[in-house]
Amino acid sequence: MKTNTEYATESGRKASLNFNFESRNPATGELIAVHREHDRAETDARLQRAWHGWRRWSRTPLRERIAFLTRLSLLLEERVETYGRLITSEMGKPLADSIFEIKKCAWDARHLAETGEAYLQPQPIPGIAAQIVYESVGPIFAVMPWNVPFWQVLRFFNTTALVGNTALIKHAETVQGCAEALEILVRDAGGPEGLYANLAIRVEACAAVIADPRVRAATVTASVRAGRAVAEQAARVGKRVVLELGGSDPFIVLEDADLAKAVRFAVTSRYFNNSEGCICAKRFLVAESLFDRFTKAFVEQSRALPMGDPMMEGTKLGPLARSDLRKNLHRQVRDAVKAGARILTGGEIPDGPGNFYPPTVLVGLPPEAAIAKEEFFGPVAMIFPFQTDDEAIYLANSTDFGLSAAVWSRDLARARRMAGEIESGMVFINDFTRSDPRAPFGGFKASGYGRELGAPGALELTNPKLIWQGA
């Protein structure tokens, strides 16, 4: 029987109606492979395995679940180069970033193996003979994105495995190579049948999975529109949902900030992960007295970023994951110019193959313009001046998103006061936003609700059961 890759090589198109998810190299446009969509019968079989798997896994002693996570972390460390190259080939970010992603996945699994038991300790209730115990709830359906194809899945799955749930993963259609590799990884680490089920299905098939009685809850990382659709479907059948729906994160630089460090971290925050990250800073709010110096340094460092083949050492910016994403990003830049923005660097689609887009810096955009409130998922930065702390807070909150923010100031009391006024799930002071296995991650307003990572993430999709002991 021919492999998927052989079909792709011979035909250059879908080999049959059953092989209809394509993986393409974003740097060249080359078709890497085509992957078979799961039909209803296959989906049902995987749902059943996840249900039976949960009945067994939830009764597996915690020490055995922890041992599984330890094995998973070791396998990730052994396969870091292989998985890193797979990520880069399918979604385009620099290989160094992809390798970092795998190392972070291993760190998360190792952290839960070392700390998870403490997260799940029963909580006594002072003054009464009662406690709260945290139990698994069943199979969890997860809709996952392409931009961090291993980390996004494993930061959910590792916790799922720890608490005794099982996972049904609908991964993005363009990273099906990663989707299949993840399922194999779990099996190779000794995960029992039904612990992890890859669902190669289309968006249209999600509603039926959510409604299935064998599914107990859902989690989704996606656009606001997609996430709210999942939440609506889950609400109809009374199921819990965790939503992570993107952001338009403000990066606030006060006049007493360490300017050189703020610029350096601003560039890192804007362009890491190929600028395709929900927590990449997108709106830079800079005190008027620092605005010219910050902008000049930011533009210089943006221009200096090496863009090119993401497999090459030293590349800092690869191609966007898909051609339609680049087209939409360029449309947003043109709309910003129409609204009054000036382009200080970038803003033009380069010649040649691949979905490349240069670092682009915009100034002069009216903060009230509709485009200023959108999420730029690509290497475009907007810089705005402000005069007072109140104005900075107003600008920071003038979007429907509320995922994260950064505040830069040498006056920590002032920075903390501002952090308390910002409408977001996270605020970083004198640092840039990033996820960490030890700390909760999640948003506010249109950016979603629920938490992943840390103790709150470990308990998010459990049943906090009250055990009351009578006299």
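The values are calculated or read from the model by the stated rules, or taken from the named source; none is laboratory data. Keep in mind that this is a model prediction, so the values were computed, not measured. Positions of Cβ are generated from backbone atoms using ideal geometry, with glycine treated the same way; all protein chains shown enter the neighbour counts. Surface areas here come from the heavy atoms of the whole protein model, side chains and all, with no ligands, DNA or RNA. Shrake-Rupley method; radii C 1.70, N 1.55, O 1.52, S 1.80 Å.
What is the set of long-range amide H partners of Ala33 at a cut-off below 5 Å, with H atoms built 1.01 Å from backbone N?
Amide H neighbours of Ala33: Ser23.
Ignoring ligands, DNA and RNA, what percent of the accessible area of segment 28-182 is carbon or sulfur (1.4 Å)?
After summing per-atom areas, the C and S share lands at 53 percent.
Tabulate in residue order the Karplus-calculated ³J(HN,Hα) for segment 26-35, using 6.51 cos²θ - 1.76 cosθ + 1.60 with θ = phi - 60°, rounded to whole Hz; enter x for Gly and Pro.
My calculation for segment 26-35 gives x, 7, 10, x, 5, 6, 8, 6, 10, 10 Hz in order.
Return the long-range amide H neighbours of Phe386 (sequence gap of 5 or more, or a different chain), with a cut-off of under 5 Å between placed amide H atoms.
Val286, Ala287, Glu288
Calculate one ³J(HN,Hα) per residue across segment 361-373 by plugging θ = phi - 60° into the Karplus curve 6.51 cos²θ - 1.76 cosθ + 1.60, and present them in order as whole Hz with x for glycine and proline.
With coefficients 6.51, -1.76 and 1.60, one gets 10, 10, 10, x, 6, x, x, 7, 4, 4, 5, 5, 9 Hz.
Can you tell which of Val253, Leu285, Thr295 lies farthest toward the positive end of the dipole of segment 244-296, using +1 and -1 charges on the Cβ of basic and acidic side chains (Lys, Arg; Asp, Glu)?
Sorting the options by dipole projection puts first Thr295.
For Ala167, list long-range residues whose amide hydrogen, built 1.01 Å from N in the peptide plane, is under 5 Å from its own amide hydrogen.
Amide H to amide H, under 5 Å and 5 or more residues apart or across chains, Ala167 pairs with Ile140, Tyr196, Ala197.
Under the rule of -39500 (n - 2.57) per DSSP H run of 4 or more residues, summed and divided by the residues of the chain, what mean residue ellipticity at 222 nm is obtained, to the nearest 500 deg cm²/dmol?
The helix-only estimate for the chain comes to -13000 deg cm²/dmol at 222 nm.
Roughly how big is the chain's charge dipole about its Cα centre, with Cβ charges of +1 (Lys, Arg) and -1 (Asp, Glu), in debye to the nearest 20?
Result for the chain is approximately 820 debye, rounded to the nearest 20.
How much accessible surface does Met426 have with a 1.4 Å probe, in Å² rounded to 10?
The accessible area comes out at roughly 20 Å².
Probe radius 1.4 Å, ligands and nucleic acids ignored: give me the carbon and sulfur share of the accessible area of segment 318-404 as a rounded percent.
After summing per-atom areas, the C and S share lands at 51 percent.
Hey, can you list the DSSP H helices of the chain whose Cα span along the axis is 15 Å or longer and whose average Kyte-Doolittle score is at least -0.5?
62-78, 80-91, 95-119, 151-163, 176-188, 224-236, 259-271
Would you mind pulling out the separation of the Cα centroids of segment 224-257 and segment 373-441, in Å?
Segment 224-257 and segment 373-441 have Cα centres separated by 16 Å.
I'd like to know which of Gly442, Ser269, Ala235 lies farthest towards the positive end of the charge dipole of the chain, counting +1 on Cβ of Lys and Arg and -1 on Cβ of Asp and Glu.
Ala235
Post the alpha-carbon centroid distance, segment 273-296 to segment 39-114, in whole angstrom.
That distance is 34 Å.
Given the whole protein assembly as supplied and a 1.4 Å probe, what does the accessible area of Trp146 come to in Å², nearest 10?
That residue has around 30 Å² of solvent-accessible surface.
Return, ordered by residue number, the residues of segment 358-384 whose backbone nitrogen is under 18 Å from a label point located 7 Å along Cα→Cβ of Glu423.
Flagged as within label range: 367-375.
Solvent-accessible area per residue for the chain at a 1.4 Å probe radius, Å²?
With the other protein chains kept in place, the chain gives 43 Å² per residue.
Report the antiparallel proportion of the DSSP beta bridges in the chain as a percent, rounded to a multiple of 5.
So the antiparallel bridges amount to about 35 percent of the total.
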